[in-house]
1. Residue 152 is checked against (1) open to solvent by 70 Å² or more (accessible area, probe 1.4 Å); (2) assigned to a helix (DSSP H, G or I); (3) free of Cβ contacts under 8 Å to residues at least 12 places away in the same chain; (4) under 24 Å from residue 64 (Cα atoms) and fails just one. What number does that condition carry?
2. Under 6 Å between Cβ atoms, at least 6 apart or on separate chains: pull out the pairs that start in the range 47-75 with a residue that is farther than 16 Å from residue 21 by Cβ and end on any residue that is hydroxyl-bearing (Ser, Thr, Tyr) and not in a helix (DSSP H, G or I).
3. Could you tell me which residue of the range 45-64 is modelled with the highest pLDDT, considering only residues that are within 24 Å of residue 7 (Cβ to Cβ) and of a type in the set (Asp, Glu)?
4. Would you pick out the residues in the range 1-31 that are at pLDDT below 90, charged (D, E, K, R) and either farther than 28 Å from residue 82 by Cα or open to solvent by 70 Å² or more (accessible area, probe 1.4 Å) (or both)?
5. Could you tell me whether residue 31 is within 29 Å of residue 138 (Cβ to Cβ), touching a Ser or Thr at 6+ places or on another chain (Cβ under 6 Å) and in a helix (DSSP H, G or I)?
6. Would you be able to say whether some residue in the range 84-95 is open to solvent by less than 80 Å² (accessible area, probe 1.4 Å), at pLDDT below 95 and assigned to a helix (DSSP H, G or I)?
7. Can you report the number of residues in the range 69-83 which are open to solvent by 10 Å² or more (accessible area, probe 1.4 Å) and within 12 Å of residue 47 (Cβ to Cβ)?
8. If I ask for residues that are within 17 Å of the chain's Cα centre (by Cα) and polar (S, T, N, Q), which ones from the range 142-188 would you list?
Amino acid sequence: MIQMDTRLAKLARGGDRAAFAELVELYKDKIFHLAYRMLHNRHEAEEIAQETFLRVYTNLDRYDENQKFSTWIYRIGTNLCIDRLRKRKATFSLDAELNEGEGGDWYATLASPEETPDNQVVLSETQQQIRDSIETLPEKYKAVVILRYLQDLSLQEISDVLSMPVTTIKTRLHRGRDFLRKKLEKIL
């Protein structure tokens, strides 16, 4: 039986805009959450989600219908996140004045560190500590842990998304869990 998203991708490839809109609706939250968990920045996550769907649309002719569509779109999203993390290394002074206004500095553009009321209700203290611990993981373990435990992908799907052997995924997952276990033993 052909999966619905594969069928929609086939229709979208043929020019059916409604089918592509359905694909966006199916995956927009999943891709946003993946990007947010990897980047920890809402604005960047939104940009990555948009860029992911733009790349999907422009490369639909490259999609292999024998592969799961979810694996293909997660690979695109994950690669864009990894690229963004690599480019993020640039530093600048928060005290530097903005070009646009008088007396304004970069501090004024920073988002408030306080959680929104919705997030305060949803996130428990333990969840936040786990999230913080995941954030401290080395990049190569972080992607695997997020895809496995926060996006619920199978080892094979993670292998397909990251273009690595399943054995490498298992090793990185094991080492990432060990890293988290040691970190959380100190906290919890």
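1. So residue 152 meets the others, but not (2).
2. Listed by first residue and then by second, the contacts come to 72/63.
3. For the range 45-64, the residue satisfying everything is 61.
4. none
5. Values: within 29 Å of residue 138 (Cβ to Cβ): yes; touching a Ser or Thr at 6+ places or on another chain (Cβ under 6 Å): yes; in a helix (DSSP H, G or I): yes.
Judged against the criteria, residue 31 is a match.
6. The answer is yes, given that some residue of the range 84-95 is open to solvent by less than 80 Å² (accessible area, probe 1.4 Å), at pLDDT below 95 and assigned to a helix (DSSP H, G or I).
7. Of the residues in that region, 2 qualify.
8. Correct list: 151, 154, 159, 163.
The values are calculated or read from the model by the stated rules, or taken from the named source; none is laboratory data. Every value quoted in this text rests on a predicted model; they were computed, and no experiment measured them. Using ideal geometry, Cβ is built from the backbone for each residue, glycine included, and neighbour counts are taken over all protein chains shown. Quick note on the areas: whole protein, heavy atoms, side chains included, nothing else; ligands and nucleic acids left out. Shrake-Rupley method; radii C 1.70, N 1.55, O 1.52, S 1.80 Å.
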